[in-house]
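Bear in mind these aren't lab numbers, they're just calculated from the coordinates by the rules spelled out. Here the structure is a predicted model, which is why all the values come from computation and not from measurement. Using ideal geometry, Cβ is built from the backbone for each residue, glycine included, and neighbour counts are taken over all protein chains shown.
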Amino acid sequence: MCNRQAEVKGEAMIEGARVQKLRQAFANVFGGAPDLVARAPGRVNLIGEHTDYSDGFVMPMAIDRDVLVAVRRRADSQIRLHSVDFGGVSQLHLGAPVARDGMRTWSNYPRGVVHILLDAGAPLGGFDLAFTGNVPSGAGLSSSAAVEVATLQALDALFGLKLPTFEKAKLGQRAEREFVGVACGIMDQAISAAGVAGHALMLDCRSLETTLVPMGAGIAVVVTDTSVVRGLVDSKYNDRRAECEAATAHFARTRSDVIALRDVTADEVHDAADALGPVVARRARHVVTENARVLSAVAAFRAEDLGEVGRLMVASHASLRDDFEVTVPELDLLVELACAQPGVLGARMTGAGFGGCTVAIMPTDAVAGYVDSVVPAYEARTGLTPRVFTCEASDGASVVG
Ligand code: GLA
């Protein structure tokens, strides 16, 4: 097990070598050196799930796994995109509408960024771009947001756009929603752009104000991938959004100040149960109780009461399982196994759900025991091999070379 941990950790730490490799790949495909290299991390959300698109509170941290993007200006209006991990070059021209590439689907993330930047009036010229990443894709750790934000960071520096941090997050979110076609909230792009090493961030998804939440020394954030292939995530995600909007519309009929579920109390949801109907009432109850749990978690972190943080995480999972119904049996099993493990303070699913990962917090000296017992127990019960990552809270996007 320790080998598995060491391997995962080692990979994340060799950033300098990865930048060198990317420069080499850039030279092989395009010839010559890039003008600059930027990075943007993936994320894990500690608590505050399915609240961002209701203007609520979230508490993600940027992780020490990222996407690196190398770029160089061109004298003409051509754009060439290369993925080191998937291979191939995808081309487009400024002046023609940006279209999706049905073959090289990896290119739709940087294409979406170009589309949104042009739409926002950014003065782009032609460029060559190559990227590589070590955020596991399809695991709910926001590899796509990392590609979008790293591309924005690189183009911001290349063309002197001077985009403020949260402008990059909003443009990345627009790329995902308007070009890639996933109606996501702001959380993933926001933390990828604004993460702070050693901290989680409590983000108010309405005002975009952030509160730094120091991650105590000696506490490990352990992500475990169920290895369940996520099916129909986008349509189920959009269903949940629609249910939250239906609940909001109900309250807005009698209260003109209600813009999102953020503006509604738990008592109001309780009293409106019949009018909302059982499903929408449960969805709304999740959102209002989850918002309260995020605020309690900030207080508990401040008081260094990690036992309470853990209890809030477990309550969050139960709410996502019973009220929001976005877990799958494998996520529930991993949380159950984690909570039975000595030293584990709390665990929950993280990300959109329907598969993907759990996140658990525990003292660093409990990690070995966790991997030694939870991994084989999960394998025995499901026939699936989970991947385990310990994550360090890292900085948001930057230019690295
Ligand atoms: C996905 C979305 C986020 C957020 C989470 C659920 O990761 O991209 O905006 O809604 O699901 O909390």
Per-selection Kirkwood Rh - the range 277-401 (Cα, Å, 1 d.p.): 15.7 Å
If you build a Gaussian network model of the chain, linking Cα atoms that sit under 10 Å apart, which residue out of Ile79, Ile14, Ile219 swings the most? Ile14
Value at 222 nm in deg cm²/dmol, rounded to 500, when DSSP H runs of n ≥ 4 in the chain each add -39,500 (n - 2.57): -14000 deg cm²/dmol
Working only with C-alpha atoms, what are the Rg and Dmax values of the range 139-274, expressed in angstrom? 17.9, 55
Distance from the range 377-395 to the range 122-184 (C-alpha centre basis), Å: 27 Å
What percent do you get for the relative contact order of the chain when only Cα pairs under 8 Å and 6+ apart count? 24 percent
Formal net charge of residues neighbouring Met313 (Cβ-Cβ distance under 9 Å; K, R +1; D, E -1): +3
List the DSSP H helices in the chain whose Cα atoms stretch 30 Å or more along the helix axis and whose mean Kyte-Doolittle hydropathy is at least -1.0. 278-302
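How big is D for the chain, in µm² s⁻¹ as a whole number, if Stokes-Einstein is applied with the Kirkwood radius of its Cα pairs at 37 °C and 0.692 mPa s?
On the way: Rh = 21.6 Å.
This corresponds to a translational diffusion coefficient of 152 µm²/s.
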How many percent of the alpha carbon pairs in the range 317-365 exceed a separation of 11 Å? 63 percent
Count the net charge of all other residues whose Cβ sits under 13 Å from the Cβ of Val149, scoring Lys and Arg as +1 and Asp and Glu as -1. -2
Looking at the chain as a GNM with Cα springs under 10 Å, which of Ala284, Ala340, Ala247 has the largest mean-square fluctuation? Ala340
Cα-Cα separations in the range 179-221 greater than 11 Å, expressed as whole percent: 71 percent
With +1 at each Lys and Arg Cβ and -1 at each Asp and Glu Cβ, the charge dipole magnitude of the chain around its Cα centre, to the nearest 20 debye, comes out at 1120 debye
The range 117-187, dipole about Cα centre (Lys/Arg Cβ +1, Asp/Glu Cβ -1), debye to the nearest 20: 140 debye
Among Val375, Val314, Val258, which one shows the biggest mean-square fluctuation in a GNM of the chain, springs joining Cα atoms closer than 10 Å? Val258
The summed charge of the Arg230 Cβ neighbourhood (under 12 Å; Lys/Arg +1, Asp/Glu -1) stands at -2
Place a +1 charge on the Cβ of each Lys and Arg in the range 232-271 and a -1 charge on the Cβ of each Asp and Glu, then give the dipole magnitude about the Cα centre in debye, rounded to the nearest 20. 140 debye
Counting other Cβ atoms within 10 Å, keep those with at most 12, restrict to DSSP loop, and tell me which GluC sites (Glu not before Pro) in the range 301-401 are left. Glu304
Take the Cα coordinates of the range 1-157, assign each an equal point scatterer, and use the Debye formula without solvent to give log10 I(q)/I(0) at q = 0.10, 0.16, 0.17 Å⁻¹. -0.39, -0.93, -1.03
Can you tell which of Thr105, Phe57, Ile79 lies farthest toward the positive end of the dipole of the range 17-113, using +1 and -1 charges on the Cβ of basic and acidic side chains (Lys, Arg; Asp, Glu)? Ile79
